[in-house]
Every structure is written in C-alpha cells, then in structure tokens.
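For reference, the structure discussed in these notes is given below.
The values are calculated or read from the model by the stated rules, or taken from the named source; none is laboratory data. Source: prediction; values computed, not measured. Cβ placement follows ideal geometry from the backbone for every residue including glycine, while neighbour counts extend to all protein chains displayed. Accessible surface is based on the protein model in full, side chains and every heavy atom, while ligands, DNA and RNA are left aside. Shrake-Rupley method; radii C 1.70, N 1.55, O 1.52, S 1.80 Å.
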Amino acid sequence: MDYRAWDKTFGTTPGTIHKTIGACWRFANDAQTVETFFKDLKDAGVKPAWDGLSFVLWCLNPDRFFPVKISHYRKLSDELGIELKKRDAPSAASFGGMMAFGEAFKQFLADSNPKDWTDVQSFIWVCCRRGPQSGYAAPFDQLFAPDEAAGILDDFAAVIKALEKAPGYKTENLSVSIPGTGTTRVRLAVNYGAWRVFAYVSRNGQKGFDLAVSKSGSYGGQLEERKMFDKATDAGEFGLHFVNENDYREMPDETWEEYLTGLIDIVAAFAGQRATPYQCHHRPELYQLIMSAEERPRILKEGIDMTDVDEPTPIPQIKPYSREEALSDLFMDDATFDQMIALLRHKKNLIIQGAPGVGKTFVARRLAYALMGEKDDDRARMIQFHQSYSYEDFIQGYRPDGKGGFRLKSGIFYTFCLRAQRDLGRNYFLVIDEINRGNLSKIFGELLMLIEADKRGTEHQLQLTYAETPDDTFHIPKNVHIIGTMNTADRSLSMVDYALRRRFAFVDLSPEFGSAKFREKLTTAGVSADLAERIIERMRTLNQAITADFHELGEGYQIGHSFFCPGNGMSPDERWYRFVVENEIKPLLREYWLDDPARVRAAVDALLAD
C-alpha cells in the first residue's frame, strides 16, 4: 500500500485520520454494523481504497478480515467464473460481498488446510497474478486485455495524427515509449517536446489516461499544480489531467475534439525547444503498431524485445553562424550585406528582388542566420505564396474537420507568431518566396497594419476576422521579421501594392559574374581557368544585351550567376557547361524573345562557340 491509498482511505488531517481509524476499530471489534461503518467513513469525507481499508482491518482483526489486492481478486473471480463487479469501490454492499467471496474461497481450500488468511492470501497472490494475456506477446501481454487494444491504439493514432498535422511539427520532437516509474505504471506514452501529451497508465491499481490539456479547457480547473508543465518550456498554460477509464470512455465527442485541437498549441509551445529528451526511448515498432492497421496484428503477436539498452538518438546541434560565414557563402561585397542587415533590423520587413538565378532565397536565409547568430531552421521558416494562397492559409480560417463539419484552424503565420511570443529573447524569421505571386492584401488582411515595425507588441493587438470573443486578440511580437523574395522577370505577376510596399524595405540583387568570389567559387569547384573565363565574359555580354533591350526586357531580366554554381554531382567540365546552356539558359531566352527565335539561336550559339 502506498501513501496515496492511505491518504485516500484515511485522509490527511489528524481529525480525519482519528475518525476513520476509530470507525475501523469499532467495526473490527463488532461494535457497529457494516452500514454504520461506511456511513461514518462518508461523514469523515473519505473514499476508501480496497487495499488501504482491508489492510488496516486485517491488522485489527486477522481472524475475520483479509487484505484485498483488488486486481488479484478480480482475476480470481474470472478464473472461477464468479461475477465480481469490475469497478465497485468499497461500500456496505460491495464490502460484504467481498468478505463472503473470500470466505467461500477459504472453504474451497479446506483440503489444503490453510492456517489463516495469510495462507489464503498467499495462494491467491501466487496463483492469480495477472499473467500473460491470451493472444499477445511481451510486452503487450502486460499492457492490454484482448478486447481493449484496438480501441486504445486507435486513440493513440488520432493523437499522433493531430500532432503531425500541426504547423511546426518536428519528427525529432516525438517519441512513443513504454516507460514505467514508481507507483504510476505508464503502459504506453506519446511525448512531444519535453512533456507527455497522451498516455495509457495504471495508477494505484486504477487504469486510465493522462491527457495534456490547456488550463482554460474542459479539464483546466482540475489540473494539479504539480502536474503543470515545466516552466522552462514557456508552456505553463498546459498540464496533465488524469481521466479514469470509465470517465474516458464516456467522454463527449466535443471534449475529445477539443483535446485533439489543443495539441496544435502543444506543438507551437515546444517549437523553440531542441529535440525531445525522450527521443532516446522512442520505439519505431510502437509507432508502427499505432499507425499501421496492417502491421498491428503481427506486432501484437510477435511482440518487441524490451531487454536491450536504448541507444540515445543524436540530437541535432544548432551551429553558430556569423556575419563572416555569411559573407563567405555570398558573392556580394561587405557593404551591401551590412546595408541589408541594417534595413532588416530597422524595418523588420525586407523584400529582396532581382532577376532569376541571383540567389535571392539563398541570401534571405543567410541574412536570417547572421541576425540569429546560429543556423536554426526552426526559427527561419520558409513558405511560398501562390495565386490560391489565402488569409485562411496564412492567418486563420475554417477548415473541414473530417466529420462533415468545419473547425477554426490557425494558419502558418499565426502559429509562427505564437511561437515567437513565447521566445521573446530570440529573433524569428519568416522567408516568403515569390511574395508577389499572392494577393497580398487578401492574404495579410488586417495584419497589414501589425507588420509595421512601430505596430509590434501587445499594445497594438487587435481582434482578428475569425475571433470568437472580444477578448480574442492577436499581436505580432517585435522579434518576428519577414523576408520576401520577388522575381522581377516574371511577367505574369503583379507588383506589390503601395500599401504593402511602404511597410517593407526593398533591395535589388544583380548577377555577380564579375565578382572575384564567383570566379574563386568556379575554380575551387574544379572548373578550368579557360572555362571559367568563358562563362564570366559570355554571360556578362548576354546580360548587357538583355539590359539594352529596354523595350521588351531590361535590367530586371538579366540571368543570374547561380545557374553556373556547380552541384548535383556533375563534373564541372565542358559537358556540364553545355548542359546548363541547353537546358536552363536556352528555355529562359525563348520565353524572353518569344517572337524572335533567330535572336535566341544567335545568343545560344554565342554561349556555345568554341
């Protein structure tokens, strides 16, 4: 018997303990009836546990009472085919029934000549321990009864699917394990980040489920302070709530859906954390057991080996990143890069525009890394706009719930800002590729105001379009920066409207064929000096011709240097050069001079001339 069973049975204050022990003394010495005994316990405000109550009564009168390990007696009743109510707590009726059941079994063992209740109890504990469940291999024989595995595993699958669909989800933050600690035996658990989010547990002989829920949700008021999330996670609004098996099975659908929806916020809360420390206990076989209906029967039957020592999964280390490293990766000069850094710090929003192949996205990422001081892709996220992109995708909107209805779902930028709000000491960067492909006023909505550098923070929070209450407000924190890229050569795109333009700083990138760093890049990659010279001079000549054609093209249609940065495993030789010209440069020129194929041929011939 542990302290929880004692506290539940006898209370925690001297007055309550005195009343309950006194009631036990009177009952054990035949000074009151069983009905009066349980009335006294009820008046004392306690709800006794089988082990706590029966153990004390046995100590007071070992000839009349016996200690009840309820799981063993239920097993015994199953073996004998005798009905014993599965979830009855001790009461006047159930206690009398248990005593009669024990007495009958004592008579059944008469031929074995048991000396006392200790002999009877020893027989029960040895012969009726919960052994392997029929049909399952270890460790599942100890986890599930034959008729309960499917439903429990399906619920686990729903939890993992909800986590995986949440914006910002990271595989390395998930672990599925079979831990077990102290008096709380965890049968199966899903962890995300640094906390358990769902678990099938056995606590003091009572099976049930641990659910990570919001303090403001359905179970929020019942959360125990000792079960709140570690404050270091910046997620103090969540905690673990234990639901016993009966209440869990009777949980309304809307409460279950609320719990699953809340997992989105769990993912956001741990987005800034490193990989979960529980990852070293992650069992891929358990993940497969939960998520694969086809593999589930085989895994349950074959089991998994739990005797080996788990090798910790290496946790990715975030590497420091400096301004000097950024400049070593780029072909631009120091002054240009420093100007971009200054603009981004001041304006918070920056658009990098230029011709195809000038490295806009490459530069955007390195700007973010340099300002963060480390190469952390979790805080430098990238998305791409397109013509169908909407406010509902970016901020918030109603989406199908898979059950014929709709539910409010947070968009990418909304959840990204929530993460940054919980981590104000570090900078966050959202890189939007092809920012002018979307309808920007439609996508940003009322956030056109909030993205301004002087409109950041809680003092400028406002109510969003889909806010459900007046208190449901939103703000963009000061540590969020937006970097957009824009292709100046795409004729199908409209330019950024003036309302958004004044909220961004703009910088232009040009081809860097004349850069000493570009020449060094070619020779370092193995390009011969002769071929490097031809690439540089011929592309500069072609770009001069494109710039001079200001009626049709112009400076914004030049061809960038990144087309000729060797990669993809090809040897940077003549064959590689011809491949790039024929398959990347030529199609672009055909689009530029759509009505002048002769000019395209002449330009390609000039590039490929011996």
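For this structure, a couple of remarks:
- Our estimate of slack between ARG599 and THR524, defined as 0.36 nm per intervening residue step minus the Cα-Cα distance, is 23.6 nm.
- Cut-off under 5 Å, modelled amide H: who pairs with PHE270 long-range: none
- Cβ-Cβ FRET estimate between SER441 and THR33, R0 fixed at 60 Å, reported to 0.05: 0.15
- Protection proxy ranking, peptides 572-580, 374-382, average beta carbon neighbours within 10 Å, highest first: 374-382, 572-580
- Residue-level accessible surface for TRP25, protein heavy atoms, 1.4 Å, Å²: 150
- Within the straight-line cut-off of under 20 Å between alpha carbons, the aspartates and glutamates reachable from LYS319 are GLU172, ASP329, GLU374, ASP376, ASP377, ASP378, ASP423, sequence neighbours fewer than 8 places apart in one chain being disregarded.
- Whole-Hz ³J(HN,Hα) from phi, Karplus 6.51 cos²θ - 1.76 cosθ + 1.60, for segment 105-120, glycine and proline x: 6, 4, 5, 4, 8, 4, 5, 7, 6, x, 6, 7, 5, 5, 5, 4
- Long-range amide H partners of ALA49 with built H, under 5 Å: THR9
- For the listed residue pairs LYS207/LYS301; LYS161/LYS348; LYS375/LYS586, the alpha carbons are over 30 angstrom apart in LYS161/LYS348; LYS375/LYS586.
- A straight line joining the Cα centroids of segment 450-466 and segment 496-530 runs 34 Å.
- Amide H to amide H, with H built 1.01 Å from N, VAL68 comes under 5 Å of SER54, PHE55, counting only residues 5 or more places away or on other chains.
- 18 Å Cα-Cα threshold exceeded, pairs from LYS19/LYS69; LYS347/LYS478; LYS19/LYS47: LYS19/LYS69
- Computed over protein heavy atoms with a 1.4 angstrom probe, the accessible surface ordering of GLU512, GLU584, GLU555, largest first, is GLU555, GLU584, GLU512.
- Phi to ³J(HN,Hα) by Karplus 6.51 cos²θ - 1.76 cosθ + 1.60 over segment 353-365, Hz, x for Gly, Pro: 10, x, 6, x, x, 8, x, 4, 5, 4, 5, 4, 4
- Karplus-based coupling profile of segment 457-473, in residue order and whole Hz: x, 5, 5, 10, 5, 9, 7, 7, 4, 9, 4, 8, 9, x, 7, 7, 10, with θ = phi - 60° in 6.51 cos²θ - 1.76 cosθ + 1.60 and x standing for Gly or Pro.
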